[in-house]
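Bear in mind that the values in this text are calculations on the coordinates, not laboratory data. Quick caveat, the model's predicted, so the values are computed rather than measured. All Cβ positions, even for glycine, are placed from backbone atoms using ideal geometry, and neighbour counts span all protein chains on display.
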Amino acid sequence: MEAPQRGPTPVLAIEAVPGIDRLEPLDAYQGQVLDLIRSGLADGVDVLDVSGAVADANDSLTRRLLGLAEAHLGAPAWRYRWLALGSHGRREQVLSSDQDHAIAYERPAPTALTSASDYFVALAGLVVPALARAGLPLCSGGYMATHWCHPLEEYELLFRSWVRNPQPKALLEAEVFLDVRACHGDLPTDVLERILLTGGSSGPFRVQMARAAVAFRPPSRRFGRLRSRPAVDVKLGGTAAIVLLARLYALAAGSTAHSTVSRLEAASVAGTLGMSTATGLVEAYRFLTDLRLRHQVEQVVMGIPADNLIPVERLSNQQREQLRTTLQLVRDVQDITAMRYSTSSVT
């Protein structure tokens with residue numbers, strides 16, 4: 001089922017767009033999202049709730065644009081579902097988050113295959129550039145509905161192939177779709193989550209997921225004082241690793257949870273991850289997200305493109321120490337994971 005809205009999203013540009021061919025109000029969207037984030041951080045709102053609010057705003061924007069695109073093209077003759085993927089699927093978005101989405105539609109009669117494909121490709125062709133105008137960058141990996149636009153049955157076959165034959169390329173695609181979440185439309189797509197869930201009981205699939213989870217390594221355990229480093233990429237060696245670890249252990253627990261925190265909690269309850277370890281990773285993810293989001297707010301305010309490189313010299317002594325222990329925790333869990341699943345990718 002489509003996730004319920006968590007209350008009104010205070011981004012006025014969304015409803016101000018009068019038509020899919022009149023997108024000028026979207027020029028104000030990113031500034032309003034920035035205000036939403038700054039207000040939440042200033043008011044002491046949990047940073048993960050702030051990140052979730054950004055995803056909710058992007059949900060509302062996407063639904064608005066899809067509604068306008070449908071009105072422009074004519075109502076679709078086939079049920080479909082716009083699927084949020086990646087950080088959007090997890091409701092964990094920051095200012096540097098790009099577009100990750102797909103379209104699944106019900107298979108039409110053979111005589112209408114071309115018409116259905118043409119319609120949904122055109123739909124994506126209207127919405128994707130509109131999202132880009134609103135400040136959501138195009139996905140460099142191509143995980144967007146302009147490319148990922150297929151009948152649901154084709155996704156089912158593809159998902160089953162990922163689980164049964166988890167090769168590196170297949171694993172990369174599966175990782176993006178493991179965060180799949182229904183965003184708009186009325187086509188039931190729960191079958192996709194059920195297929196991916198079977199990977200939790202598949203030894204080869206879990207091993208491949210474990211290898212991915214230990215691939216993004218924080219700085220060496222011998223990094224000593226962080227002050228000697230000009231900057232630390234808190235996504236590449238921090239949040240990305242935690243996301244992958246949470247995904248692995250939740251999958252092994254048979255959980256369909258979407259967010260990193262709920263996945264870690266599900267893994268803890270099921271016993272696939274120790275309670276103290278899960279709690280530590282939740283706090284690590286919260287701390288790194290806070291650093292990341294505050295850093296990106298400063299960059300955007302100064303007119304600098306948002307990135308994930310935190311200048312170490314700007315951190316307090318307490319923050320440096322917390323960052324050091326946070327990254328060490330991630331490495332420790334990766335080491336345990338590597339031994340537990342007999343991976344060979346830890347360096």
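Report the gain in length on full extension from A75 to R314: 0.36 nm times residue separation, minus Cα-Cα distance, nm rounded to one decimal.
Here the segment from A75 to R314 would lengthen by 80.8 nm.
Based on the mean of other beta carbon atoms within 10 Å per residue, what is the order of 45-54, 304-313, most packed first?
Most protected by this proxy first, the peptides run 45-54, 304-313.
Using only the Cα atoms, what convex hull volume per residue in Å³ does segment 157-216 have?
Convex hull of Cα atoms, per residue: 82 Å³.
What is the order of R314, R331, R294, fewest Cβ neighbours within 10 Å to most?
By the 10 Å Cβ count, ascending, the order reads R314, R294, R331.
Quick check on the exposure proxy: order S342, S115, S262 from fewest to most C-beta atoms within 10 angstrom.
With the sparsest Cβ surroundings first, the list reads S342, S115, S262.
Which far-off residues, 5 or more places away or on another chain, put their amide H under 5 Å from the one on V232, with H placed in the peptide plane?
Counting only residues 5 or more places away or on other chains, the set is I310, V312.
Over the Cα atoms of the chain, Rg to Rh with Kirkwood Rh, two decimal places?
Taking Rg over the Kirkwood Rh, I get 0.97.
Can you compute the FRET efficiency between L172 and R340 using 1/(1 + (r/R0)^6), with r the Cβ-Cβ distance and R0 = 22 Å? Round to the nearest 0.05.
Efficiency at R0 = 22 Å is approximately 0.50.
Please give, to one decimal in nm, the separation of the simple spin-label points placed at D332 and S161, each 7 Å out from Cα toward the Cβ.
Between D332 and S161, the label points sit 4.2 nm apart.
Shape of segment 203-340 from its Cα gyration tensor (a ≥ b ≥ c, root eigenvalues): rounded if a/c is under 1.5, otherwise prolate when a/b > b/c, or oblate?
prolate
Taking the square root of 5 times each eigenvalue of the Cα gyration tensor, what semi-axes in Å does the equivalent ellipsoid of segment 65-111 have, largest first?
For segment 65-111, the semi-axes come out at 27, 14, 7 Å.
Per DSSP H run of at least 4 residues, take -39500 (n - 2.57); add these up for the chain, divide by its residues and hand me the 222 nm value, nearest 500 deg cm²/dmol.
Result for the chain: -17500 deg cm²/dmol, rounded to the nearest 500.
Could you tell me which of rounded, prolate or oblate describes segment 13-198, using a ≥ b ≥ c as the square roots of the eigenvalues of the alpha-carbon gyration tensor, with rounded for a/c under 1.5 and, failing that, prolate when a/b is larger than b/c and oblate otherwise?
It comes out oblate by the Cα gyration axes.
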